[in-house]
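Input: a single structure, listed below in structure tokens.
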Amino acid sequence: MEFIQKKTADITVERFLTKAAESELSLVWDRYEGQLPECGFCETGLSCRDCLQGPCISHPFRDSNKWGVCGKDKDILAAQSLLRLVLKGTMVYLDQLNDFAKGVESGEVRPKNKEKTDQILKEIQSLAHHGGKQIKKELPKSLIRRWEETGISPEGFARDLFKASQKLEGGVGDVEETLLWSFKSSLLGGMAHWLQGNLKRSVFGDPVPTKVEVNLGVLKKGVPNLLLYGSFSLILKYKIAEEAKKKGVYVTGVCTDPLIPPFSFPQVTNYGSQEIPILTGAVDLIVAGNQFVNPSLTKIAKEWEVPVISAEGLKREKDPSHFARQILEKAKKSFDFRRNLLREIPEVKEVAMMGFSRETVDAKKVLAALNQGQLKGIVILSGSNNVKYTQDQEMVSMAQEFLKNDILCISKGETSVALAKYGHLNPALKENYCNKELSNVLSSLGKEIPSILDLGDGNIVDFLFGIANAGKKELKDYPIVAVFPEAHRSSEVTEAMWTVAMGIPTYFWPSLPVTGSQKTMEALTKFCFEKFGSKLNVVTEKKIDARVKASLVLKALKGEEGFGMSGKPWK
Amino acid sequence: MKVIIVDKTKCTGCHQCELWCGTEIASVSKELYQAIHEEPHPVPRVYVEGKDFALQCRHCEEAPCIEACPNGTMRRDPETGLVYVNEPTCIACWMCVMVCPFGIINPSASMKVAIKCDRCRNMGHPICAEVCPTQALRLEERKDYRKKAFQ
């Protein structure tokens, strides 16, 4: 059994933990300790609640209940546990894309590039029944061929996702078949993510690297502070920002897009410590979406008299402009009401250069540096926080280890915010973290380049295929590895799956719920390697240091990786 | 003497006691992810009977297993009163398995010893009571328990 020894690596957050303890407020860490020990069957993927004859488990130590009532054995249970996560994760991307597309169609925002926008909207509509025909044309042919050969090339979510969900209901599919359905659904999630990036680009204009401030110090004392939590309609966010500018309300965000040109939203904190901003007393109103938002927020907000508005309620105002005006009114009222409350804002903030894209990072230069050996490889850092690890610690120590070894690190979204808190996205601090060769390569890319490149909104995919096309090789032939040091959401699982399907080996922490079955673990490594030339590595060793994890990845970059932590193949 | 009290109304039959007993007590690695794949399978000392009744050794005062054991392998710890198997001397005759009224003693075919709950006598606290999510398993003095039962 585990318990938490150190809660967070962020000293700004740590300061508020004593405050929370004094006022007997239970935060995410306390709730986690209350849950221990977590159900071992669910953790290892050996449980199932898909029908009402159960719930069933496959008992690892007892012969009488090795199979579920319907006959699912441990291998199928584990493979389906993964499929369940991937399906949920795919819905996340499709939902976000749908929200955005609906917002654009309503004509509330005038798109920068009307022609391109209409084209993408049409593509989005065809995603339901034709599975991104246009996107497939833009992807490398060899990759599409491989997907078609394995049968995972998307045919439209109306068929693929419904069919994949039926695999949980019954049928005679084996482990490999179930896994391939997971891959097929994840690719739709990937396409939706990419399309959303493209749509954002055509509606709001090409991304320009912008300086965004990060950490609790961004909150302001004398003005109303409106915080946007999690992902919800970009159009609504845009309207809120527009309205806030007129009304003198200061808008910041937690786990939300930092950039919606021409607006940028300073990031108050990241996922793991999302309850902390309220404890400063400086938050006047919260607008919350679904993804990334912990339901605990409302309870803590209530203690501090902070109103919380759901951006996605059933009875929400449907007109974004009107809704934004309502929100701003409420923010001002709340500020007046809370005027006399103590505001304790720590003076800690960091500058982050965010919003790089394939236009601003020259893939050819990166490729040349890879070929000449200046760069030893590329690591994609992804995922948000997980309470099972000291907040940010794994992510940051692994990143620092990579930077020391001349590895180009790229990240996006939440990971970027976490890394930015420690100065990794500050161009002025680049020399502190990077080895000399890497530093030179980064300097050659542009003027103000930080040690880690933030390539949000689907730009990672663009950038990677940019490299693959320039080098005329497949992605699997390059030293590129994706790492999820502290993942927690189902959409991150989906992301890991599509990354593997694109041919990029992936390391995922914490362990996915497949560890109960050797066959499924083996399929994720050996079978995936045969099909895609890459593996999804689930490391079962629990008590290992972040630097040891980094050395695993470094080995993988050199092509010397084994299977799993022990270095010997699973039997 | 402290024994484990089972509150049948609280037991949900989640098998967590079995799983963690198997991992913490019976496995070599003591880690869930590795214990699952160990060969021979770790044998949990406790188990859930039927839908919702967790069973462990009751450490009977007149223990039939101690009576039946032909060579003194089944012993009682004089300090704590807990009944345990002295594994090196076990001859795997399974007499104890036959006489146990609760069926708590497991014959381990692979290890050739009788396997039985010793209420984690070498640990501070029995693991099953520790992990029980509903606290259906609790460690209490046997005397208190009797008092409660007669009230």
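In a reduced charge model with +1 at each Lys and Arg Cβ and -1 at each Asp and Glu Cβ, chain B shows a dipole moment near 460 debye about its Cα centre. Placing unit charges on the Cβ atoms of the charged side chains and taking the dipole of the protein assembly as shown about its Cα centre, the candidate lying farthest along the positive direction among A:S186, A:L445, B:Y47 is A:L445. Each part gets one Cα centre, and for segment A:353-401 versus segment A:1-80 those centres are 30 Å apart. Mean per-residue shielding of peptide B:16-25 is 4, counting Cβ atoms of other chains within 10 Å of each Cβ.
Sorted fewest first by neighbouring Cβ atoms within 10 angstrom, A:L216, B:L55 come out as B:L55, A:L216.
Using a 10 Å cut-off around each Cβ, can you sort A:S310, A:S23, A:S165, A:S185 from fewest to most neighbouring Cβ atoms? Intermediate values should be presented prior to the final figure.
Numbers: A:S310 17, A:S23 9, A:S165 14, A:S185 30.
Placing the least packed residue first, the sequence is A:S23, A:S165, A:S310, A:S185.
What does the average come to when, for each residue of peptide B:6-14, you count the partner chain Cβ atoms lying within 10 Å of its Cβ?
If you average over the peptide's residues, the count of other-chain Cβ atoms is 1.
Pairwise alpha-carbon distances in segment A:353-557 exceed 27 Å for 24% of all pairs. Around the Cα centre of segment B:60-116, unit charges on the Cβ atoms of Lys, Arg, Asp and Glu (plus for the first two, minus for the last two) sum to a dipole of about 240 debye. Its DSSP H runs of at least 4 residues, each contributing -39,500 (n - 2.57), put the calculated 222 nm mean residue ellipticity of chain B at -5000 deg cm²/dmol, to the nearest 500.
Using Stokes-Einstein with the Kirkwood hydrodynamic radius over Cα pairs, what translational diffusion coefficient do you get for the protein assembly as shown at 25 °C and a viscosity of 0.890 mPa s, in µm²/s rounded to a whole number? Reported coefficient: 88 µm²/s. The charge dipole of chain A, taken about its Cα centre with unit charges on the Cβ atoms of Lys, Arg (+1), Asp and Glu (-1) only, comes to about 720 debye. Taken residue by residue and averaged, Cβ atoms of other chains lying within 10 Å of the Cβ of A:35-41 number 6. Pairs from the list A:K184/A:K519; A:K88/A:K555; A:K365/A:K421 with a Cα-Cα gap above 25 Å: A:K88/A:K555; A:K365/A:K421. Once backbone amide H atoms are built at 1.01 Å from N, A:S106 has no partners under 5 Å, excluding neighbours fewer than 5 places away on the same chain.
Along the axis of the charge dipole computed for the protein assembly as shown (Cβ charges of +1 for Lys and Arg, -1 for Asp and Glu, origin at the Cα centre), the listed residues B:S29, A:T520, A:A496 are led at the positive end by A:A496.
Each residue of segment A:444-454 was assigned a 3J(HN,Hα) from its phi angle through the Karplus expression (A = 6.51, B = -1.76, C = 1.60, θ = phi - 60°), giving 5, 7, x, 7, 9, 10, x, 5, 10, 8, 8 Hz with x at Gly and Pro. Taking 22 Å as the straight-line reach from the Cα of B:K51, the lysines in range (excluding those fewer than 8 positions away in the same chain) are A:K66, A:K72, A:K74, B:K8, B:K10, B:K116. Computed over segment A:216-337, the percent of Cα pairs more than 17 Å apart is 50. I want to verify a result. In a Gaussian network model of chain B, Cα cutoff 10 Å, which of these has the top mean-square fluctuation: B:K51, B:K116, B:K30? Ranking B:K51, B:K116, B:K30 by mean-square fluctuation puts B:K51 first. What does the charge count around A:S382 come to, taking other residues whose C-beta lies under 12 Å from its C-beta (Lys +1, Arg +1, Asp -1, Glu -1)? In short, -3. GNM remark for chain B: springs join alpha carbons under 10 Å apart, and the peak mean-square fluctuation among B:E18, B:E31, B:E79 falls on B:E79. In plain terms, the residue of B:H37, B:H59, A:H424 with the fewest other Cβ atoms within 10 Å comes first and the most crowded comes last, giving B:H37, B:H59, A:H424. Close amide-amide hydrogen proximity is noted between A:T8 and A:Q391, each under 5 Å apart and 5 or more residues distant or on a separate chain (H modeled in the peptide plane; Pro and chain starts excluded).
When peptides B:7-17, B:133-143 are sorted by average Cβ neighbour count within 10 Å, with the highest value leading, the order is B:7-17, B:133-143.
Unpaired cysteine residues in chain B (no second Cys Cβ under 4.7 Å): B:C11, B:C14, B:C21, B:C60, B:C69, B:C90, B:C93, B:C100, B:C120, B:C132. Taking chain A, the Cys residues with no second Cys beta-carbon under 4.7 angstrom are A:C48, A:C51, A:C56, A:C70, A:C255, A:C409, A:C434, A:C528.
One Cα centroid belongs to segment A:263-278, the other to segment A:180-228; the line between them spans 14 Å. In chain A, the calculated helix contribution to ellipticity at 222 nm averages -14000 deg cm²/dmol per residue, counting -39,500 (n - 2.57) for every DSSP H run with n ≥ 4.
Since every read-out is calculated from the coordinates, none of them should be taken as a lab result. Here the structure is a predicted model, which is why all the values come from computation and not from measurement. Please note: Cβ atoms are built from the backbone with ideal geometry, for glycine as well, and neighbour counts cover all protein chains shown.
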